[in-house]
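Reading through the structure tokens given below for one structure.
The values are calculated or read from the model by the stated rules, or taken from the named source; none is laboratory data. Small disclaimer: the values here were computed from a predicted structure and weren't measured. Backbone-built Cβ (ideal geometry, glycine too); neighbour counts: all protein chains shown. These accessible areas exclude ligands, DNA and RNA; they are computed on the full protein's heavy atoms, side chains included. Shrake-Rupley method; radii C 1.70, N 1.55, O 1.52, S 1.80 Å.
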Number of protein chains: 2
Amino acid sequence: MKAGVINIGDELLIGQTVNTNLTWLGKNLGDVGISIYKSTTILDEEDEIIAALDDYMQEADLIIITGGLGPTNDDITKETLTQYFETELVLNQQVLARIESYFSAMQKEMLPSNVQQAMLPKDALVIDNQHGTASGMWFERNGKVIISLPGVPYEMKALVIEEIIPRLKSSYGIKGKYHQTIMLQGIGESFLAEKIHDWEQRIYEDQLHLAYLPSTGLIKLRLTADKGIEDAAKINRYFKELEHRFPEYVYGYNEANIFNEVGKLFIARNLTLGTVESCTGGGIANAFIQFPGTSSFF
Amino acid sequence: MKAGVINIGDELLIGQTVNTNLTWLGKNLGDVGISIYKSTTILDEEDEIIAALDDYMQEADLIIITGGLGPTNDDITKETLTQYFETELVLNQQVLARIESYFSAMQKEMLPSNVQQAMLPKDALVIDNQHGTASGMWFERNGKVIISLPGVPYEMKALVIEEIIPRLKSSYGIKGKYHQTIMLQGIGESFLAEKIHDWEQRIYEDQLHLAYLPSTGLIKLRLTADKGIEDAAKINRYFKELEHRFPEYVYGYNEANIFNEVGKLFIARNLTLGTVESCTGGGIANAFIQFPGTSSFF
């Protein structure tokens, strides 16, 4: 299932807010086998929303839209989607009741703009939001699913976990991909690539996907099997081969932290560690003490 | 100057890496008056890069591309741009010398893939990267500027601050926008919107731009003047009006922190504060002690 993500909100483009929604969706959709092939971030402007929809309606099977569902004048996503899909807004009694109970729990009066949030597109499936006043909306058009969600991260996440993923799973029988990551340090990306050229060729021939994920002082190599868990043994074999070939570089798997791994070696070998730091300003000590058990050797 | 940003990299779409580059560009380009109207995040795939370029070449004056310039096989941005702009790769002696000195300083040998990084498009302005081996590239086509930068954040930031913004300023005489933010608490977004409806109307009539930026427990209202500092007095007048109308909600300006503001009141009125916390788990104390001077009243 090919997914595209449209994130709507001026704040994402003016440097006010980091788009953590996309990262979270990438990880959580990926875990159930839905790949995001592209994401577009746009302003709260009708023209931009329509242009983005036109684009994704051509290529994506699933379009997830976040943002622009608030009660203020700058939020126009719901109205734009209602026009785009040629439907109309009708009062949703269930949502109105939810919003009323939400305000009465907070002992606040409701305003016309809050009532307006219970006006929802007639032929969308309304996804009830337990954590706020903006409902999610699920449209189906031309065999595609288009889902509009609030931009507030905890509301978006709750709707995806509780409502969207279960519905996608039951409707489309999607299954997860299988990822594993091996962690290396002490070698540069280009040097590693040179040394594992033959290994990399075999990876591709075996229809696994390889990604180099370098960051300061370390390299992660991630192998992904589209067919899910059945390729786990194959991936493990490839990683064991690297461990065997490069014992001096490989220090762990799946986000293992090198300070924690080194700490385990100190404990296993009954060694103790002291640090005297100058320009690292206590950074090394601080890196070690992040992990439980450090006090037994440090 | 209308800017579009294309971020290239599988890691941004699979939930591995948060796209902080876009946020940083939004803020730093915004500060010199360049607005980002749209951003697209794509995989390291030729088709996607070309489709994104086709899209932005229609609307943007400035296109900033980040990522996909590393030495490994998955990075294809440079080759794709070279084809797209119908030019060819030639060896850049200056960049080769820089890469050689970079490797000799690290006492490492160079590989063919590192030499390959000195192969750069013939008719692009090469932007020398002092912090890594991937050069920036500046193309000009149809009156538009297209800039390709490495995706590693500290390399991208250094190139933008040291090279790109000065060149854009001198070539296009761009000037900054003027932003101010007023901070309110104790009122919900929709209630505030209802109360300041008249004020909001006048804002639009005065051609200022208003954004509501709500987060947990507070609302920021940001006013922006496209014409720069000359509208500062107008913005200040609007904010003074809010301060006068809502003394119980307005607590400061421009990211002022409410704990710091409350602390200042304690000091000014010669009061002291003690906290006994249960379910806040020391959170209130912790919020206060973030600020210098807290020890004089807490």
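Worth pointing out:
- In segment B:38-79, residue nearest to A:Asn7 (Cα to Cα) [restricted to those that are of a type in the set (Gly, Ala, Ser) and open to solvent by 20 Å² or more (accessible area, probe 1.4 Å)]: B:Ala51
- Some residue of segment B:42-53 being of a type in the set (A, V, I, L, M), within 7 Å of another protein chain (Cβ to nearest Cβ) and over 26 Å from A:Leu223 (Cβ atoms): no
- Residues of segment B:214-227 that turn out to be open to solvent by less than 20 Å² (accessible area, probe 1.4 Å) and at the interface with chain A (Cβ under 9 Å from one of its Cβ atoms), as a count: 2
- Test for A:Arg167: is it over 20 Å from A:Thr82 (Cβ atoms), in contact (Cβ under 8 Å) with a residue 12 or more places away in the chain and basic (Lys, Arg): yes
- Just one of the listed residues (A:Gly173, A:Gly274, A:Gly263, A:Gly188) is open to solvent by less than 70 Å² (accessible area, probe 1.4 Å) and either in the same structural domain as A:Lys144 (by TED's automatic domain parsing) or at positive phi (or both), and it is A:Gly173.
- Single residue of A:Thr23, A:Thr17 found to be within 19 Å of B:Leu12 (Cβ to Cβ) and open to solvent by 40 Å² or more (accessible area, probe 1.4 Å): A:Thr17
- Residue pairs meeting the criteria (Cβ under 7 Å; at least 6 apart or on separate chains; first more than 11 Å from chain A (Cβ to nearest Cβ), in segment B:188-206; second basic (Lys, Arg)): B:Asp206/B:Lys234
- Some residue of segment A:145-160 being away from chain B (no Cβ under 13 Å) and open to solvent by 30 Å² or more (accessible area, probe 1.4 Å): no
- Top-ranked residue in segment B:18-37 [being closer than 22 Å to A:Ala3 by Cβ and aliphatic (A, V, I, L, M); ranked as farthest from the other protein chains (Cβ to nearest Cβ)]: B:Leu22
- Residues (buried (at least 16 other Cβ atoms within 10 Å of the Cβ) and under 13 Å from B:Gly132 (Cα atoms)) located in segment B:104-114: B:Asn114
- Filtered by the rule that a residue be in a helix (DSSP H, G or I) and farther than 17 Å from A:Gly15 by Cβ, segment B:155-175 gives B:Glu155, B:Ala158, B:Leu159, B:Glu162, B:Glu163, B:Pro166, B:Arg167, B:Lys169, B:Ser170, B:Ser171, B:Tyr172.
- Residue in segment B:166-187 that is at pLDDT below 90, over 18 Å from the mean Cα position of the chain (by Cα) and within 14 Å of chain A (Cβ to nearest Cβ) present: yes
- Residue in segment A:84-101 that is closer than 30 Å to A:Ala60 by Cα, touching a residue at least 24 places away in the same chain (Cβ under 8 Å) and within 14 Å of another protein chain (Cβ to nearest Cβ) present: no
- For segment A:2-17, the tally of residues that are at the interface with chain B (Cβ under 8 Å from one of its Cβ atoms) and closer than 13 Å to A:Thr40 by Cα stands at 3.
- Any chance B:Ser148 is without any contact (Cβ under 8 Å) to a residue 12 or more places away in the chain and among the small types (Gly, Ala, Ser): no
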